[in-house]
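Reading through the structure tokens given below for one structure.
The values are calculated or read from the model by the stated rules, or taken from the named source; none is laboratory data. All of these numbers come straight from a predicted model, not from anything done at the bench. Neighbour counts run over all protein chains shown; Cβ positions are idealised from the backbone, glycine included. Areas reflect the complete protein model, heavy atoms only, side chains present, ligands, DNA and RNA absent. Shrake-Rupley method; radii C 1.70, N 1.55, O 1.52, S 1.80 Å.
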Amino acid sequence: MNKRIQRWIAFCLAAAILGGCGSQEGPEVQLEDLGVSLNDETGSTAKGGDGQGAGEDSLGKTGENGGQNAGQGSAGTPEENGGGSNGTGSGQESPVRTLSPEEKAMYEAYSKALENVYFDQNFPGGMQGDLQPEDADISKNKFAVCDMDSDGKEELIISFTTTYTAGMVEAVYAYDSGTGELRQEFLGFPLLTYYDNGIIEEEASHNQGMASDGGADGNFWPYSLHRYDPEADTYVSVAYVDAWSKGYSEKDWNGNPFPEEADRDGDGVVYYIMEGDYQLVNPKDGMEYNQWRDSCLKGAKQLEIPYRNLTTDNIYALGREGGVKAGEYTAMNGLNGKQIAEQSFPVTLDGWGEVIFASFAPVGDRKDEAGQVCFGDVRFALLKEGKPVYVFPGENEENIFYGQQFGQVLSVAFRDYNEDGRTDILALLEYTGVQGANIDVPARMVRAYTQEETKAEFFYDQALSEYLKDYTDSMEEVSRGLESYAGIYAVATNKSAWEVDRFARKVKRQIMAGDFQGLCESIAFPVTIDGTVYQDEEAFIRADFIDDRNPAFLEAVWTEPCGNMFVNYQGIAMGDGCVWISEILDENMVSQGLKVYGINGLSNGGEP
């Protein structure tokens, strides 16, 4: 897959802050989707169900690099993780985070910069990242957005390590609202410690000094200190620090003896604080060195930078996290679990306008009527003024699972995946097996919701959801699954799967409603029904089956999900072959669109 196609797929997961919803004609791409991920390869957050969570570096509080966020993702109580207990709930309004125009522009600039690094290894300002080994995974790199210099504005940190040591870098960029460009504040080797007083400690990429035997303080690793200059809004060098251990060598590279007179505490180690070129002059004793270091740090605390993996899911989540506080609802509309704050955020949806899309954790296990243990599933709802106005259907009517327990919502994306001009919803979910060979084995699935034309309510797109079961590594992988699904009927038609499925649902509605007059518009005459050829609409309407339809036929049509249907060169089979659909061409081989060209088992007594 070339980079242009990769970039298009990624754009399809872009946050709504980067553009509007819908589509447009012409070569210019309009960002139309919102992708919010709570998972990357290092961990996950916001586990629901039993209230047990492991918040790691995607959006959580703990993990490889720590990380603070507006949501709750650390391990602990159900209240912290948005899951578990039976809350009585207040139903009070959930405030929405409002971004200023400058913040929106900043997040857009940061997202674009991260795109360029992800796809082309191009950094802001024209710096090119070194080529990576063939087996390197670009998503192993890290980035973070936070106010790490305490100037009241968030900076972009990019840590690029999937290359050879000499090419590894970590850069800090600030957004210039005047120019709309990014300005580099700092560039160094990615072994950094950030302090809350504006100091960055940068460890050297290699230790070529003379203190590598350990000495009293163990192996001393050379490092640099950098200080934030608020007037210049950049970092300036303070000093480079190295050491000499007598145990490593009693003479330096020039044959000079170890400076015993400077080693007042007699531990065999002296330190060099260099504010210019590398020179082993003016050695300091341990006490002098520690006093100097303390004067620089001044009791500062280390900052926990909220690094996350460089994935498209995470790139396009910028500016969308933490928009809603957790809230509880009673059994109203089936929402008897806690709201998952990290997966609740504002969005504009057709038929609903501006709403909060909210995820609600299940309350745990229970027994069904037969006494079998089953587990509640996640619920999704739309909120207005903090109250539910619409609850999405579950994967099944009871919204329960046997043998699998809900773990977490990994990612949610809003996009017009079926190309009908209306925003659809995709949720990537994770479950855990609780019995048999699958116990403790995680499993992922996709929940797809779409709307019918002119209707506000969503329906569960079962066929597509099942098709996407092999595309669950990430929301980007889901996007590739959608691209694959679009061509499933290619052997019979040039129309996309979305057009075919919509046509099939239309035919289904007409048949179930007994709207045979309307069905005529969907039929290519002459048509063969149960072995009889009907030349035109008039003959079809006068047929006996109009008032005497086969119940088995109706059952087959009713249960047809109208998605991922059987197809061969003859056409697409709907309802186990009850209805056959194809793209009809006229004598000049011009498409007349999708039409029904054959029906089996419609008449009472016939066999579907």
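Okay, residues lined up against (1) open to solvent by 60 Å² or more (accessible area, probe 1.4 Å); (2) on the phi < 0 side of the Ramachandran plot; (3) out of contact with any helix residue (DSSP H, G or I) (no Cβ under 6 Å at 6 or more places or on another chain):
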site	(1), (2), (3)
LEU410	no, yes, yes
PRO442	yes, yes, yes
TYR467	no, yes, no
ASP470	yes, yes, yes
GLU477	no, yes, yes
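Would the range 299-309 turn up any residue that is modelled with pLDDT under 85 and part of a loop (DSSP other than H, G, I, E, B)?
Yes: one or more hits.
Being part of a loop (DSSP other than H, G, I, E, B) and either open to solvent by 50 Å² or more (accessible area, probe 1.4 Å) or in contact with a Pro (Cβ under 9 Å, 6 or more places away or on another chain) (or both) is the filter here; which residues of the range 183-204 pass it?
Within the range 183-204, LEU191, ASP196, ASN197, GLY198, ALA204 meet the criteria.
I'd like the full set of residues that are part of a loop (DSSP other than H, G, I, E, B), touching a residue at least 12 places away in the same chain (Cβ under 8 Å) and either under 26 Å from PHE160 (Cβ atoms) or open to solvent by less than 70 Å² (accessible area, probe 1.4 Å) (or both), limited to the range 273-298. Quick ask: steps written out before the conclusion?
Filtering the range 273-298 down to residues part of a loop (DSSP other than H, G, I, E, B) leaves 275-283, 285, 298.
Retained after the next criterion (residues that are touching a residue at least 12 places away in the same chain (Cβ under 8 Å)): 275, 278, 280, 283, 285, 298.
Listed by number, the residues that qualify are TYR278, LEU280, PRO283, ASP285.
Looking at the range 213-227, can you tell me whether even one residue there is at pLDDT below 95, more than 26 Å from PRO124 (Cβ to Cβ) and among the charged types (D, E, K, R)?
For the range 213-227, residues at pLDDT below 95, more than 26 Å from PRO124 (Cβ to Cβ) and among the charged types (D, E, K, R): present.
Quick one: which strands (runs of 3 or more DSSP E) sit completely within the range 528-608 and have at least 3 residues that are in contact (Cβ under 8 Å) with a residue 24 or more places away in the chain?
Ranges flagged: 571-574, 579-585, 591-599.
For the range 382-400, does any single residue satisfy the condition of being touching a Leu at 6+ places or on another chain (Cβ under 8 Å), closer than 18 Å to GLY433 by Cβ, of a type outside the set (S, T, N, Q) and touching a residue at least 12 places away in the same chain (Cβ under 8 Å)?
no
Scanning for something in contact with a helix residue (DSSP H, G or I) (Cβ under 7 Å, 6 or more places away or on another chain), hydroxyl-bearing (Ser, Thr, Tyr) and within 16 Å of LEU594 (Cα to Cα), does the range 532-555 turn up at least one residue?
no
Regarding VAL270, is this residue of a type in the set (A, V, I, L, M, F, W, C), open to solvent by 40 Å² or more (accessible area, probe 1.4 Å), within 14 Å of VAL241 (Cα to Cα) and outside any helix (DSSP H, G or I)?
Values: of a type in the set (A, V, I, L, M, F, W, C): yes; open to solvent by 40 Å² or more (accessible area, probe 1.4 Å): no; within 14 Å of VAL241 (Cα to Cα): yes; outside any helix (DSSP H, G or I): yes.
Spelling it out, it is not the case that VAL270 is of a type in the set (A, V, I, L, M, F, W, C), open to solvent by 40 Å² or more (accessible area, probe 1.4 Å), within 14 Å of VAL241 (Cα to Cα) and outside any helix (DSSP H, G or I).
All but one of (1) out of contact with any helix residue (DSSP H, G or I) (no Cβ under 7 Å at 6 or more places or on another chain); (2) open to solvent by 40 Å² or more (accessible area, probe 1.4 Å) hold for GLU419; state the number of the condition that does not hold.
(1)
Which ones in the range 485-536 are open to solvent by 30 Å² or more (accessible area, probe 1.4 Å) and among the aliphatic types (A, V, I, L, M)?
Listed by number, the residues that qualify are ILE488, ALA490, VAL491, MET512, ALA513, VAL533.
What single numbered condition from (1) under 33 Å from the mean Cα position of the chain (by Cα); (2) loosely packed, with under 14 Cβ neighbours inside 10 Å; (3) without any contact (Cβ under 8 Å) to a residue 60 or more places away in the chain fails to hold for GLY481?
Of (1) under 33 Å from the mean Cα position of the chain (by Cα); (2) loosely packed, with under 14 Cβ neighbours inside 10 Å; (3) without any contact (Cβ under 8 Å) to a residue 60 or more places away in the chain, only one is false for GLY481: (2).
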